[in-house]
Amino acid sequence: MPYGRPKPPHNLEAHADTIRHFAWACGDDNPLYNDPSYGDSARWGGMIAPPLYLLTMGEDEVGPLPADVRARSKGALAGVHLFNSGTEIQFYRPIRPGDRIAETVRLVDLQEKESRFGGGKSVISYNEHTYQNRETREVYASRVSWYVHTERESSRKANREGVIQPPSYDTEQLEEITAQVLAERPRGADPRWWEDVALGDVVGPLHKGPLTLSDVVCFHVGLGTGGDYGWGPLRLAAKRRQEMPGFYTRNAYGAWDVVQRVHWDEEWARSIGAQRPYDYGQTRQMWLAHLLTDWMGDDGWLAKLRLELRRFNYIGDLSTVRGTVVEKPQPGVVRIALSIVNQDEVETTTGEATVLLPTREQPQPELPVSPAVPESVARAQRERGRPADGKRP
């Protein structure tokens, strides 16, 4: 079932500044995404955006839910918390300054199961996003993300994680972490030839953290407040609460605040069964993409990224992001197993990626074939007067 976004995306049009801000939000200093003139001499002929920049874009192609559906579902998720559990994205074309992206979202599956985290019942929802160039209608990317819905009160009472002691770092440890971070750098214009890559090669690592609340703030500077939520400060918050009252609860001062503050409000995070505030699923998506784009160089292409979120990544945690080359199925194609572990060597994230690399016979790998849109997406677009073939009525 296609459904619309309640608010406009963070970025209606790609711009050199917002691309740079997005890269900055996850600590990515690759000049391909930060210097508007750097890409002029690369295969792209200009600036392109980091792969996950698409999360900041996507103008609604569906519109609001039908009135009967909205009436039947009103209040259905009150008191139900949502956790991003995994994502799979396929990338077909780069986003460039000036691009406008249309997005159609479909609920494609629901699974009811016993909740590992919260106890009792949980529901996993699978949502498919199709991103198209708003003018040409060409598909730039497709994404399926799945979310676990659990009751906040039962999660708090279950406390499945027990007590996890927060980390503490001495001066020597911080100096070592800083040295490791400063040694990281993007490969840049030096091609990583497919022929030179061997099975078992290590990708990275990147070191992210120790995670701070400032990192969460910077994440929001680049990504916005979360596309489906569309909250804002002050008067905007008051208006949004009228539209979506279930997304707000009273904080420690008795004032209304978003339930999304589990990412920065320790008391509220504990109320849903977490140990302390934690990162976003999109944060780790961005970190894995950063690892891969640093490794593959300017001429490579991230074709597919899949990840599963296994544990919370809490404020204070140090994440080590790494990969291993596991397959070279055909010339120019590399498959990489991905992992993120915290300072206790607990794996918080697993994943895999497909990267297209230059070969000496084909120095610029061809981009994947852009697929046709799903029929239900095309139908929803036709109903809005936006045919999938790009011909306007």
extent check for segment 1-106: Cα max minus min per principal axis, descending, whole Å, gives 55, 25, 23
Does segment 283-393 come out rounded, prolate or oblate by the C-alpha gyration tensor, with a ≥ b ≥ c the root eigenvalues, rounded set by a/c under 1.5 and, if not, prolate when a/b is larger than b/c and oblate if not? oblate
Probe radius 1.4 Å, ligands and nucleic acids left out: which of Arg192, Arg284 has the largest accessible area, and how do the rest follow? Arg192, Arg284
Expressed in angstrom and ordered largest first, the alpha-carbon extents of the chain along the principal axes are 65, 61, 39
Residue-span extension gain [Val202 to Gln362] - 0.36 nm each, minus C-alpha spacing: 55.2 nm
Provide the three semi-axes, in whole Å and in decreasing order, of the ellipsoid equivalent to segment 205-274 as defined by the square roots of 5 times the Cα gyration tensor eigenvalues. 24, 16, 10
Restrict the search to segment 268-370; then list the GluC sites (Glu not before Pro) that DSSP places in a loop and that have at most 12 other Cβ atoms within 10 Å of their Cβ. Glu345, Glu361, Glu366
Leaving out ligands, DNA and RNA but keeping every protein chain, what accessible area does Thr56 have, in Å² rounded to the nearest 10, with a 1.4 Å probe? 0 Å²
Under a 1.4 Å probe, counting only protein heavy atoms, Glu195 has an accessible area in Å², nearest 10, of 80 Å²
May I ask for the Kirkwood hydrodynamic radius of segment 49-95, worked out over all distinct Cα pairs and given in angstroms to one decimal? 14.5 Å
As a test of reading the structure, rank Trp264, Trp231, Trp24 by solvent-accessible area (1.4 Å probe, protein chains only), most first. Trp24, Trp264, Trp231
Considering only protein heavy atoms, with the full assembly of protein chains and a 1.4 angstrom probe, order Tyr33, Tyr169 by accessible area, largest first. Tyr169, Tyr33
Note the full-extension length gain between Leu174 and Leu213 as 0.36 nm times their separation in residues minus their Cα-Cα distance, in nm to one decimal. 12.3 nm
Of the accessible area of the chain, computed with a 1.4 Å probe and all protein chains kept, carbon and sulfur make up a percent value of 51 percent
Could you list log10 I(q)/I(0) for segment 162-242 at q = 0.19, 0.24, 0.27 Å⁻¹, which the Debye formula gives when each Cα is one point scatterer? -1.02, -1.19, -1.31
Spatial separation of Cα centroids for segment 76-139 and segment 285-354, in angstrom: 20 Å
Rounded to the nearest 500 deg cm²/dmol, what is the calculated helix-only ellipticity per residue at 222 nm for the chain, with -39500 (n - 2.57) per DSSP H run of length n ≥ 4? -6500 deg cm²/dmol
With 0.36 nm assigned to each residue of separation and the Cα-Cα distance removed, Val221 to Ala237 gains 4.0 nm
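The values are calculated or read from the model by the stated rules, or taken from the named source; none is laboratory data. Predicted model only: the values in this text are computed from it and were never measured. Glycine also receives a Cβ, built like all others from the backbone with ideal geometry; neighbour counts cover every protein chain displayed. Surface areas here come from the heavy atoms of the whole protein model, side chains and all, with no ligands, DNA or RNA. Shrake-Rupley method; radii C 1.70, N 1.55, O 1.52, S 1.80 Å.
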